[in-house]
Amino acid sequence: MEDKDWETFKQKLKQKTEIDLNLYKEAQMKRRILNLVQRSPHKTFVAYFDAVSKTKEEFAEFIEYLTINVSEFFRNADKFSKLETEIIPNLMKTSPRLSIWSAGCSIGAEPYSLAIMMKELTPSTRHRILATDLDVEILAKARRGVYAENEIKAVTKDRLQKYFTPAPEGKFAIKPDIKSMIEFRRHNLLKDRFETGFDLILCRNVVIYFTEEAKTQLYTNFFNSLKPGGILFVGATEAILNYRKLGYVSSQPFFYEKPKTNPETKK
Ligand SMILES: C[S@@+](CC[C@H](N)C(=O)[O-])C[C@H]1O[C@@H](n2cnc3c(N)ncnc32)[C@H](O)[C@@H]1O
């Protein structure tokens, strides 16, 4: 009975949102959702789903819980400074106008951090920064660009003054010139087509609940999306153990390079 309920729940979710839970780690996702169901007045996954589907706000909250949108500016500051002092200057030697993709960008803190960094490194060059996420509500928040104090705690005072303006309720709004550097778009990393030609792809703290097969497919797709010499930057707990098998080389943890001289396209 419970299995059938779970299967029907997954089907309904996929129909409504295109989120396919079969590509996520079953035990963890089921436990997370069961936790929600048990705290609700509903007895089954399907009854819970049908109830939250009735109101837009409740459904948005449910999707937010499911996709885990927590993020902040300059998350893992030491890695961002590696990006700023080594990785990006290196990439710009061969590609003066970079094409960058923040995949699973959540509230926009990651692409805006990148935009701030690129503006400081090369004030008069227009780079391309694409920022995508599965969750449309979170993309709306990213486009608004208004942040609470805990989301900007790693932003220096100087940067806060330069790139943000005070907003109501003690919040801070990103300035329009930084906003205009980013193209936000909905994209499902487990389903949609991947663009190509990127110098740098960031995919951090997104794959935590993906199955091993889904991760391998994702990292292969990123490989094909990168230019030769391009870099994939992953989260601080997401080292890719089989990176060599996927075709990457790595000179330092969490940054993986598509070799410059490898003409072979992985399938
Ligand atoms: C924890 S946030 C990470 C945000 C940012 N990259 C960071 O490291 O702070 C994870 C994001 O991944 C998104 N996500 C989850 N599954 C996804 C998928 N299949 N395709 C695209 N985005 C997905 C979620 O909606 C969420 O906004």
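If only residues of region 146-188 that are in a loop (DSSP other than H, G, I, E, B) and in contact with a helix residue (DSSP H, G or I) (Cβ under 6 Å, 6 or more places away or on another chain) are counted, the one that is surrounded by the most Cβ atoms within 10 Å (Cβ to Cβ) is M181. Name the single residue that is surrounded by the fewest Cβ atoms within 10 Å (Cβ to Cβ) among those in region 88-104 being β-branched (V, I, T) and away from the ligand (no atom under 16 Å from the Cβ). It comes out as T94. The numbered conditions (1) exposed (fewer than 15 other Cβ atoms within 10 Å of the Cβ); (2) in a helix (DSSP H, G or I); (3) away from the ligand (no atom under 14 Å from the Cβ) are all true for I208 except (3).
Taking (1) out of contact with any helix residue (DSSP H, G or I) (no Cβ under 8 Å at 6 or more places or on another chain); (2) more than 14 Å from the ligand (Cβ to nearest atom); (3) modelled with pLDDT under 95; (4) of a type in the set (A, V, I, L, M) in turn, V70 satisfies each apart from (2). Within region 4-63, if we keep just the residues that are among the acidic types (D, E) and assigned to a helix (DSSP H, G or I), the residue that is farthest from L134 (Cα to Cα) turns out to be D5. With respect to (1) within 11 Å of the ligand (Cβ to nearest atom); (2) among the hydrophobic types (A, V, I, L, M, F, W, C); (3) within 23 Å of M92 (Cβ to Cβ), the lone exception for L226 is condition (1). Considering the conditions (1) more than 23 Å from F210 (Cβ to Cβ); (2) within 16 Å of the ligand (Cβ to nearest atom); (3) among the aliphatic types (A, V, I, L, M); (4) modelled with pLDDT of 95 or more, I107 is excluded by exactly one of them, (1).
The values are calculated or read from the model by the stated rules, or taken from the named source; none is laboratory data. Since this is a predicted model, take the numbers as computed values, not measurements. Neighbour counts run over all protein chains shown; Cβ positions are idealised from the backbone, glycine included.
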